[in-house]
Amino acid sequence: MEILITESDIHSVIKSIAEQLGTRQIRYFCEETTLAIPPQYGQGYIKGINFKDGLGLLLFNCTFNEETSFRYSLEKSHPLRVIFCQKGKVTYSFDPDHARHEIPELHTAFCTSTETYDHLYEFPEKKQVQFTSLEIDRRVYLNKIECDIATLPNDLANLLQDVDAIDPFTYANAYSIALADVVNNIHTNDLKGLARKSLMESRSLDLFAHIVTQYVDDLNPQNKQVLLRKSDLALIIKAKNILVDNIQENITIPELSRQVGVNTTKLKQGFKKVYGCTINEFVRNHKLTLAKELLVGGSLSVKQIAEKIGYRNYAYFASRFKERYGALPSEYMKHIKHKVPIDEVIEYPPEQV
């Protein structure tokens, strides 16, 4: 099924989609329009929101019963579309050879073409797609950012200044965790009225700010990129598991970086964001927690425990243990052997260690 769209105004886009789907299930509220997908075509919704200064949002959260495409065929230049695919995948094309470009889950793309080419977006059959398009009317938006355009990289500045859509431009990459948080908030917030409109407009600006930041970061060589991508999250978790499984080996951060395939800066920043502490703090806290558990178990000597968790210097281990738990390991063990309640031993929060 192909749906033809000949307007760029967001409300007109949704109205046209509804007419071609044969439904009047459209809800208007101020600047937001919502279309419920008719059951014979699938399920879910399409929402559109207009803001000032040439910005707007199109939100798709739907599953179509058959492969469905949306063809934008405009007499004037297309808006700049900054696309975020949160779930599923979308395929688009707009060049004269009709080359197809896939936007997979957790990826973003800039999509713009010369005004003579249609834009075609294809949604797969029976697969949920959660898809956000930040629509930018460059002619209007440029008035807002005219004083700041010189702060952007040349190609991005040229893209925004190309109000007549003379030059095609394509950029695609996995999006950052910060971007993922914004996209998720756009789709999941349950605010109403003015509060919702204000939040959605601010999130639209956040989207553009984050995508500009990410684009600049992507200009760096991969080993110098510092922005944490959503797709990097699995690698951060892998790094944590490597540390836990090899706690006695005292793996260095450069070694850990090589093992998981993330540069050291990104690894350190991502670890702190995900786990709320530095890698060294995590390792130290895990070692001391494990040492306490082994002391309570009572089957190993203090020296054996120190070696098992990777401390080669017993005095250093004892000092760290006392800082954390208020007693030397040998004293702690005596408390246990004499059945003194463990909670009588002072335990300091990890952040104070």
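The values are calculated or read from the model by the stated rules, or taken from the named source; none is laboratory data. For clarity, every value in this text was computed on a predicted model and none was experimentally measured. Cβ atoms come from the backbone with ideal geometry, glycine included; neighbour counts cover every protein chain shown. All accessible areas refer to the heavy atoms of the entire protein, side chains included, with ligands and DNA or RNA removed. Shrake-Rupley method; radii C 1.70, N 1.55, O 1.52, S 1.80 Å.
Would you confirm, using the coordinates I've provided, whether residue 82 is under 30 Å from residue 228 (Cβ atoms), of a type in the set (A, V, I, L, M) and touching a helix residue (DSSP H, G or I) at 6+ places or on another chain (Cβ under 7 Å)?
On the way: under 30 Å from residue 228 (Cβ atoms): yes; of a type in the set (A, V, I, L, M): yes; touching a helix residue (DSSP H, G or I) at 6+ places or on another chain (Cβ under 7 Å): yes.
When the stated conditions are applied, residue 82 passes them.
Report the residue count in region 19-44 for those that are acidic (Asp, Glu) and either assigned to a strand (DSSP E or B) or surrounded by fewer than 15 Cβ atoms within 10 Å (Cβ to Cβ) (or both). Don't jump to the end; show me each part of the working.
Taking region 19-44 first, the residues acidic (Asp, Glu) are 19, 31-32.
Filter once more, so that each one left must be either assigned to a strand (DSSP E or B) or surrounded by fewer than 15 Cβ atoms within 10 Å (Cβ to Cβ) (or both): 19, 32.
Residues flagged as acidic (Asp, Glu) and either assigned to a strand (DSSP E or B) or surrounded by fewer than 15 Cβ atoms within 10 Å (Cβ to Cβ) (or both) within region 19-44 amount to 2.
Examine region 145-160 for a residue that is touching a residue at least 12 places away in the same chain (Cβ under 8 Å) and within 16 Å of the chain's Cα centre (by Cα), and state whether such a residue exists. Full working, then the answer.
Narrowing region 145-160 to residues touching a residue at least 12 places away in the same chain (Cβ under 8 Å): 145, 149, 152-153, 155-156, 159-160.
Now restrict to residues that are within 16 Å of the chain's Cα centre (by Cα): none.
No, region 145-160 has no match at all.
List every residue pair whose Cβ atoms sit under 8 Å apart, with the two residues 6 or more apart in sequence or on different chains, where the first one lies in region 271-298 and is at positive phi and the second, anywhere, is not basic (Lys, Arg).
Listed by first residue and then by second, the contacts come to 298/333; 298/336.
Looking for whichever is in contact (Cβ under 8 Å) with a residue 60 or more places away in the chain and surrounded by 17 or more Cβ atoms within 10 Å (Cβ to Cβ) here; the options are 186, 236. Which one fits?
Working: 236 fails: in contact (Cβ under 8 Å) with a residue 60 or more places away in the chain.
Among 186, 236, only 186 is in contact (Cβ under 8 Å) with a residue 60 or more places away in the chain and surrounded by 17 or more Cβ atoms within 10 Å (Cβ to Cβ).
Checking residue 9 against (1) of a type outside the set (Val, Ile, Thr); (2) at pLDDT 95 or above; (3) out of contact with any strand residue (DSSP E or B) (no Cβ under 7 Å at 6 or more places or on another chain), only one condition comes out false. Which one?
Single failed check for residue 9: (2).
Check whether at least one residue in region 211-229 is surrounded by fewer than 16 Cβ atoms within 10 Å (Cβ to Cβ), touching an Asp or Glu at 6+ places or on another chain (Cβ under 7 Å) and modelled with pLDDT under 90, and report yes or no.
Yes, region 211-229 contains a residue that is surrounded by fewer than 16 Cβ atoms within 10 Å (Cβ to Cβ), touching an Asp or Glu at 6+ places or on another chain (Cβ under 7 Å) and modelled with pLDDT under 90.
Take region 71-127 and flag every residue that is over 29 Å from residue 181 (Cα atoms) and among the polar types (S, T, N, Q).
Selection gives 73, 77, 114, 116.
Name the pairs whose Cβ atoms lie under 8 Å apart, with the first residue in region 58-72 and of a type in the set (Gly, Ala, Ser), the second in a strand (DSSP E or B), and 6 or more positions between them or separate chains?
Correct list of pairs: 69/2; 69/3; 69/120; 69/121; 69/122; 69/123.
If I filter region 101-115 for residues that are among the β-branched types (Val, Ile, Thr), open to solvent by 70 Å² or more (accessible area, probe 1.4 Å) and within 21 Å of residue 219 (Cβ to Cβ), do I get at least one hit? So that I can check it myself, show each step before the final result.
Going through region 101-115, the residues among the β-branched types (Val, Ile, Thr) turn out to be 103, 108, 112, 114.
Filter once more, keeping what is open to solvent by 70 Å² or more (accessible area, probe 1.4 Å): none.
So far as region 101-115 goes, no, none of its residues is among the β-branched types (Val, Ile, Thr), open to solvent by 70 Å² or more (accessible area, probe 1.4 Å) and within 21 Å of residue 219 (Cβ to Cβ).
(1) at pLDDT 90 or above; (2) among the charged types (D, E, K, R); (3) within 30 Å of residue 224 (Cβ to Cβ): which one isn't true of residue 273, the others all being true?
(1)
In region 308-317, what residues are on the phi < 0 side of the Ramachandran plot and surrounded by 15 or more Cβ atoms within 10 Å (Cβ to Cβ)?
Our first condition is that a residue be on the phi < 0 side of the Ramachandran plot; within region 308-317, this holds for 308-309, 311-317.
Correct list: 308, 309, 311, 317.
Taking the stated definitions as given, is residue 336 more than 43 Å from the chain's Cα centre (by Cα) and surrounded by 15 or more Cβ atoms within 10 Å (Cβ to Cβ)? First the steps, then the outcome.
Working: more than 43 Å from the chain's Cα centre (by Cα): yes; surrounded by 15 or more Cβ atoms within 10 Å (Cβ to Cβ): yes.
Judged against the criteria, residue 336 is a match.
Go through (1) in contact (Cβ under 8 Å) with a residue 24 or more places away in the chain; (2) touching a helix residue (DSSP H, G or I) at 6+ places or on another chain (Cβ under 8 Å); (3) more than 25 Å from residue 44 (Cβ to Cβ) one by one and return the number of the condition residue 205 breaks.
(2)
Scanning for something at pLDDT below 90, open to solvent by 70 Å² or more (accessible area, probe 1.4 Å) and in a loop (DSSP other than H, G, I, E, B), does region 56-66 turn up at least one residue? Step through it out loud before you land on a result.
Here is the first cut: in region 56-66, the residues at pLDDT below 90 are none.
Within region 56-66, not a single residue is at pLDDT below 90, open to solvent by 70 Å² or more (accessible area, probe 1.4 Å) and in a loop (DSSP other than H, G, I, E, B).
Any residue at all in region 267-274 that's of a type in the set (Gly, Ala, Ser) and farther than 30 Å from residue 336 by Cβ?
Restricting attention to region 267-274, the residues satisfying the condition of being of a type in the set (Gly, Ala, Ser) are 270.
Filter again for farther than 30 Å from residue 336 by Cβ, leaving 270.
The answer is yes, given that some residue of region 267-274 is of a type in the set (Gly, Ala, Ser) and farther than 30 Å from residue 336 by Cβ.
Quick check on this structure: which one of 71, 81 is in a strand (DSSP E or B), under 26 Å from residue 110 (Cα atoms) and open to solvent by 40 Å² or more (accessible area, probe 1.4 Å)?
On the way: 81 fails: open to solvent by 40 Å² or more (accessible area, probe 1.4 Å).
Going through 71, 81 in turn, the sole match is 71.
The rows are residues; the columns are (1) among the aliphatic types (A, V, I, L, M); (2) within 29 Å of residue 87 (Cα to Cα).
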| position | (1), (2) |
| --- | --- |
| 142 | yes, no |
| 157 | yes, no |
| 161 | no, no |
| 190 | no, yes |
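Kindly check whether there is at least one residue in region 282-300 that is surrounded by 16 or more Cβ atoms within 10 Å (Cβ to Cβ) and under 30 Å from residue 217 (Cα atoms). Outline the logic, then answer.
Our first condition is that a residue be surrounded by 16 or more Cβ atoms within 10 Å (Cβ to Cβ); within region 282-300, this holds for 282-288, 290-292, 294-295.
If we keep only those that are under 30 Å from residue 217 (Cα atoms) as well, we get 282-283.
The answer is yes; a qualifying residue exists.
Residue by residue through region 230-246, note down the ones that are at pLDDT 90 or above and not in a loop (DSSP other than H, G, I, E, B). Show your work before the answer.
Within region 230-246, the subset at pLDDT 90 or above is 235-246.
Result: 235, 236, 237, 238, 239, 240, 241, 242, 243, 244, 245.
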